Amino acid sequence: MSESVALAGNSISVAASDEDAAWVSVDLPLPPGELYVSLQNLERLFRLNPYLEIESWQEENPGQLYLGKQVRIESVNEMNGLRQNALLTVTGLQPGASFTLGYAGGLKQATVVSVQALAPSSSRMVVKDCYPAEIDAAEREARASEVDKSLVPWGAAIRRYFLRRARWGWLPFYRWFQDRFWLKMPPRQRRIARLIIWTTALEFVVFLFIFIIYWLELGRT
């Protein structure tokens, strides 16, 4: 049984098939070529997962995508508590269209990232996790906790990232801040920082509201 979730605007649809896979599709206002090039930044792509804490990332020739390229990643998935030391290998590559990351060990066999053209200025990204179909029911049930449940939040986070970059990317240091500082923080710290920022902003708004009322009352006396 597989699960498919499509994120386009605020709409979410779910479908199922007989394939042992789960995937999320995201529509983005980006040309297919530009999106494909952006997705080749594998470290950024994985760090966008809001529930994947990356403790170590070792990559051959960062930014370049080719058959046989390997990435060693040590991570903790907050949604299933799985700690993993995995070796990822580019096992399938279709330039401009898709690439496959094969996993050495673990239940997940591969992650397939593909780009589909919708129009000259828009495209669809699909991230698909593949699991073995040949294991028996008992083993499947015993290893159910290894299934990655962060796929849908990951797709939503990728969509937010590219929409924000399209909107605010012209600001000086915005992209540097996002890629070099913000995404380097563990997801838990990003959530805490975001909460502090919103709390501080709310406190400032309340202070400003009280100050305006005080100023108006002072003007009446």
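Summary of values
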read-out	value
Given (1) more than 20 Å from P186 (Cβ to Cβ); (2) surrounded by 15 or more Cβ atoms within 10 Å (Cβ to Cβ); (3) under 20 Å from the mean Cα position of the chain (by Cα), index of the condition V76 fails	(1)
Hits in region 100-124 - residues which are within 16 Å of A21 (Cα to Cα), of a type outside the set (S, T, N, Q) and either in a strand (DSSP E or B) or at pLDDT 95 or above (or both)	L101, G102, Y103, A110, V112, V113
Some residue of region 84-93 being in contact (Cβ under 8 Å) with a residue 12 or more places away in the chain, touching a Gly at 6+ places or on another chain (Cβ under 6 Å), open to solvent by 60 Å² or more (accessible area, probe 1.4 Å) and over 24 Å from L183 (Cβ atoms)	yes
Which listed residue, of G68, G96, is small (G, A, S), free of Cβ contacts under 8 Å to residues at least 24 places away in the same chain and part of a loop (DSSP other than H, G, I, E, B)	G68
Residue selected from region 126-155 under the condition in a helix (DSSP H, G or I) and touching a Pro at 6+ places or on another chain (Cβ under 8 Å), by the criterion most open to solvent (accessible area, probe 1.4 Å)	P153
Qualifying positions in region 37-73 - closer than 16 Å to P186 by Cα, open to solvent by 70 Å² or more (accessible area, probe 1.4 Å) and among the charged types (D, E, K, R)	E55
Hits in region 156-194 - residues which are of a type in the set (K, R), within 23 Å of E78 (Cβ to Cβ) and open to solvent by less than 50 Å² (accessible area, probe 1.4 Å)	R190
Total residues in region 71-88, condition assigned to a strand (DSSP E or B) and among the acidic types (D, E)	1
Of all residues making up region 94-133, the number that are closer than 19 Å to E59 by Cα and over 19 Å from the mean Cα position of the chain (by Cα)	2
Residue under evaluation T91, criteria (1) assigned to a strand (DSSP E or B); (2) within 18 Å of the chain's Cα centre (by Cα), criterion not met	(2)
Of residues in region 5-36 being part of a loop (DSSP other than H, G, I, E, B) and open to solvent by 30 Å² or more (accessible area, probe 1.4 Å), the one modelled with the highest pLDDT	P31
Residue check for K69: more than 20 Å from the chain's Cα centre (by Cα), on the phi < 0 side of the Ramachandran plot and not aromatic (F, W, Y)	yes
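The values are calculated or read from the model by the stated rules, or taken from the named source; none is laboratory data. The shown structure was predicted, so the numbers you read here are calculated from the model rather than taken from an experiment. Glycine also receives a Cβ, built like all others from the backbone with ideal geometry; neighbour counts cover every protein chain displayed. We work out accessible area using only protein heavy atoms, side chains counted, and drop any ligands, DNA or RNA first. Shrake-Rupley method; radii C 1.70, N 1.55, O 1.52, S 1.80 Å.
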